[in-house]
Amino acid sequence: MILHAVTLKTSITAPLIRYTPYFGVSTWPKILIPYRNGQCTVLLKESSMLKLKVNGKSRNFDGDPAMPLLWFLRDELTLTGTKFGCGMGLCGACTVHLNGEAARSCTTPMSEAAGKTVTTIEGLSTQANHPVQQAWKQCNVAQCGYCQSGQIMQASALLKVTPKPTDQQIDQAMQGNICRCGTYQRIRSAIKMAAGQSVQAVKA
């Protein structure tokens, strides 16, 4: 955030001058600057409008560039398929695609997302017919379901770069995504099914 000092002449008799627009979200206070002898110094905060694409649509953000991408998606765009889990990028529930790569949105600041393309679970497939989503249904992966959007986004990113992953590659790619219900065997089977590989039946 950069401040610019500008000296202005004024004949206003009020003791304060209000300057807008101002930097940050709408709940931040306006800048109030006292003046003396017909002059006032106004601190102009540099505009930091960020632009990005979310699920194919252009979006603007003029808030705190340090705010996590997760809250922009959930609170500003109401894309609530992306979940909050740990807030530290350790559980994977908040996984989205950033320029096609899996990223933890809870630790990705808006400044890092600027100028990039973000895909959430809602944008992976408008009809929910992505191969990974279809395999998830066929393998009955989900139990409580809370972590599953992050699991699916991580899995689809894996298959994009490794179309026919081995069990070891699947385990390595998915190790940062925690499932408290313990559906890891089903997750592996669903990924292999989405990749068109043979899958052994997994008991419920």
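Annotations
- Qualifying residue in segment 109-119 (condition: in the same structural domain as ASN55 (by TED's automatic domain parsing) and buried (at least 23 other Cβ atoms within 10 Å of the Cβ)): yes
- For segment 96-104, the criterion of being part of a loop (DSSP other than H, G, I, E, B), surrounded by fewer than 17 Cβ atoms within 10 Å (Cβ to Cβ) and either of a type in the set (Ser, Thr, Tyr) or without any contact (Cβ under 8 Å) to a residue 12 or more places away in the chain (or both) is satisfied by no residue at all.
- One residue from SER111, SER105, SER125 being touching a Cys at 6+ places or on another chain (Cβ under 9 Å) and of a type in the set (S, T, N, Q): SER105
- Considering (1) more than 23 Å from THR80 (Cβ to Cβ); (2) touching a residue at least 60 places away in the same chain (Cβ under 8 Å); (3) small (Gly, Ala, Ser), the lone condition that GLY182 does not fulfil carries the number (2).
- The residue that is surrounded by the most Cβ atoms within 10 Å (Cβ to Cβ), counting only those in segment 67-85 that are of a type in the set (D, E, K, R) and assigned to a helix (DSSP H, G or I), is ARG74.
- Boolean, ASN129 is touching a residue at least 24 places away in the same chain (Cβ under 8 Å) and in a loop (DSSP other than H, G, I, E, B): no
- Subset tally (residues that are in a loop (DSSP other than H, G, I, E, B) and closer than 17 Å to VAL161 by Cα) for segment 105-126: 0
The values are calculated or read from the model by the stated rules, or taken from the named source; none is laboratory data. Predicted model only: the values in this text are computed from it and were never measured. Here the Cβ is made from the backbone with ideal geometry for all residues, glycine too, and neighbour counts use every protein chain on show.
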